[in-house]
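**Student:** Okay, handing you the structure first.
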Amino acid sequence: MIRISETVKHLLIINVIMFIGTLTVGQGVLFYDWFAMHFPKSTAFQPWQIITHMFMHGGGMHILFNMFALWMFGTPVEQALGSKRFLFLYISAGLGAVLLQVGYYYFDFYSAYQGIASLNMDSELLSKIISIDASDGQYIKGEILSREMGPILSQYGFDAGLINETNFKSFFEMNVLARNTMVGASGCIMGVLAAFGMMNPNAELMLIFLPIPIKAKYFIPGIIILDLISGLTGQSFFSPSNTAYMAHVGGALTGFFIMWYWKKNQFNRNRWY
């Protein structure tokens, strides 16, 4: 059995504490709203969420799989790099994950914005509209958004008659995007996984539902490519449909480039094997 390393142990503890907080504080809502990563255009966004979301999880299976991967791959990577470099890699991968995923959201957001640009709407009014809670259970409904928009438009003296069907569709898309949240250590762990693969290219890995050993140098790029395809097409291969696939890609690429730089400039090559 792999003996857990110190930094990995502390990361596991922090993630578990945060998960307990999610379940117990504010009836499972308040803690999540504070510390999950909200889209920056949302009024719920706070700067600390850029870091805290890395220690949040959306459910039992989510944290279980992430913490298992952190223990399995994080321990040998920390043993090779040392605690300080490992922690730098881990947090940097999480930041890379946020950067790519939020950048992807921004692209979609501003594409939708083109549908309302002609309205020349005040930025404060727009912020209030895209922050409307139009959800009904797991779904966001146009009729709720339309109903809630009315009083806000009146408050700002905006003529609702100027909004046509195309404009409303854009408002709806922007509202959906603005309500996106990110939680989980997956981006960090993908960076660690990339590092593990670079240090152990011939290690044999397997998916739980596909028990066929595949060398890390093929397995890890394959996982990243599938995440990229899923992010671009919406086609899920082995993760829930609400997975932030671009965050996986961003974390993995960040981990790869950090390790490439260290390998090229700082480390004795013999330490990698």
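The values are calculated or read from the model by the stated rules, or taken from the named source; none is laboratory data. None of the values given here were measured: they were computed from a predicted structure. Note that we place each Cβ from the backbone using ideal geometry, even for glycine, and neighbour counts take in every protein chain shown.
**Student:** Is one or more of the residues making up the range 147-163 part of a helix (DSSP H, G or I), under 27 Å from the mean Cα position of the chain (by Cα) and in contact (Cβ under 8 Å) with a residue 12 or more places away in the chain?
**Tutor:** Start the filter on the range 147-163 by keeping residues that are part of a helix (DSSP H, G or I), which leaves 147-155, 160-162.
Narrowing further to those that are under 27 Å from the mean Cα position of the chain (by Cα): none.
Taking every residue of the range 147-163 in turn, none turns out to be part of a helix (DSSP H, G or I), under 27 Å from the mean Cα position of the chain (by Cα) and in contact (Cβ under 8 Å) with a residue 12 or more places away in the chain.
**Student:** Also: Does the range 57-78 include one or more residues that are surrounded by fewer than 17 Cβ atoms within 10 Å (Cβ to Cβ), at negative phi, at pLDDT 95 or above and in a helix (DSSP H, G or I)?
**Tutor:** No, because not a single residue in the range 57-78 is surrounded by fewer than 17 Cβ atoms within 10 Å (Cβ to Cβ), at negative phi, at pLDDT 95 or above and in a helix (DSSP H, G or I).
**Student:** Just wondering, is there one or more residues in the range 37-51 that are surrounded by fewer than 16 Cβ atoms within 10 Å (Cβ to Cβ), in a helix (DSSP H, G or I) and out of contact with any helix residue (DSSP H, G or I) (no Cβ under 9 Å at 6 or more places or on another chain)?
**Tutor:** no
**Student:** Return the pair list, or none, for Cβ contacts closer than 9 Å from residues in the range 13-26 that are surrounded by 14 or more Cβ atoms within 10 Å (Cβ to Cβ) to residues that are among the basic types (Lys, Arg) and not in a helix (DSSP H, G or I), at least 6 apart or on different chains.
**Tutor:** none
**Student:** Has the range 7-29 got at least one residue that is under 20 Å from Leu253 (Cα atoms), among the charged types (D, E, K, R) and at pLDDT 95 or above?
**Tutor:** Residues of the range 7-29 that are under 20 Å from Leu253 (Cα atoms), as a first pass: none.
No, the conditions are met nowhere in the range 7-29.
**Student:** Looking only at residues that are in a helix (DSSP H, G or I) and modelled with pLDDT under 90 in the range 130-146, which one is nearest to Phe171 (Cα to Cα)? Write out each step before concluding.
**Tutor:** Let us first name the residues in the range 130-146 that are in a helix (DSSP H, G or I), namely 130, 142-146.
Of the ones still in play, those that are also modelled with pLDDT under 90 are 130, 142.
Numbers: Ile130: 7, Gly142: 9 Å.
Here the answer is Ile130.
**Student:** Same structure, new question: What single numbered condition from (1) farther than 22 Å from Phe65 by Cβ; (2) modelled with pLDDT of 75 or more fails to hold for Asn270?
**Tutor:** (2)
**Student:** Here is a further query. Hey, could you check the range 4-48 for residues that are farther than 13 Å from Gly184 by Cα and hydroxyl-bearing (Ser, Thr, Tyr) and say which is nearest to the chain's Cα centre (by Cα)?
**Tutor:** Across the range 4-48, the extreme among qualifying residues is Ser42.
**Student:** May I pose another question? Regarding the range 89-103, can at least one residue be identified that is closer than 28 Å to Glu6 by Cβ, buried (at least 16 other Cβ atoms within 10 Å of the Cβ), more than 21 Å from the chain's Cα centre (by Cα) and in contact (Cβ under 8 Å) with a residue 60 or more places away in the chain?
**Tutor:** no
**Student:** Could you check how many residues of the range 129-169 are loosely packed, with under 15 Cβ neighbours inside 10 Å, aromatic (Phe, Trp, Tyr) and closer than 18 Å to Ile116 by Cα? Even if it seems obvious, please write down each step before you answer.
**Tutor:** Taking the range 129-169 as the starting set, the residues that turn out to be loosely packed, with under 15 Cβ neighbours inside 10 Å are 133, 135-139, 141-143, 147, 150-151, 154-157, 159-162, 164-166, 169.
Checking the rest, the ones that are also aromatic (Phe, Trp, Tyr) come to 139, 156.
Those still in the list that are closer than 18 Å to Ile116 by Cα too: 156.
Final tally of qualifying residues: 1.
**Student:** Also: Checking Pro211 against (1) of a type outside the set (A, V, I, L, M, F, W, C); (2) farther than 27 Å from Met37 by Cβ; (3) in a loop (DSSP other than H, G, I, E, B); (4) at pLDDT below 80: exactly one of these is not met. Which one?
**Tutor:** Of (1) of a type outside the set (A, V, I, L, M, F, W, C); (2) farther than 27 Å from Met37 by Cβ; (3) in a loop (DSSP other than H, G, I, E, B); (4) at pLDDT below 80, only one is false for Pro211: (3).
**Student:** Only one of (1) under 22 Å from the mean Cα position of the chain (by Cα); (2) surrounded by 15 or more Cβ atoms within 10 Å (Cβ to Cβ); (3) assigned to a helix (DSSP H, G or I) fails for Leu125. Which number is that?
**Tutor:** Failed condition: (1).
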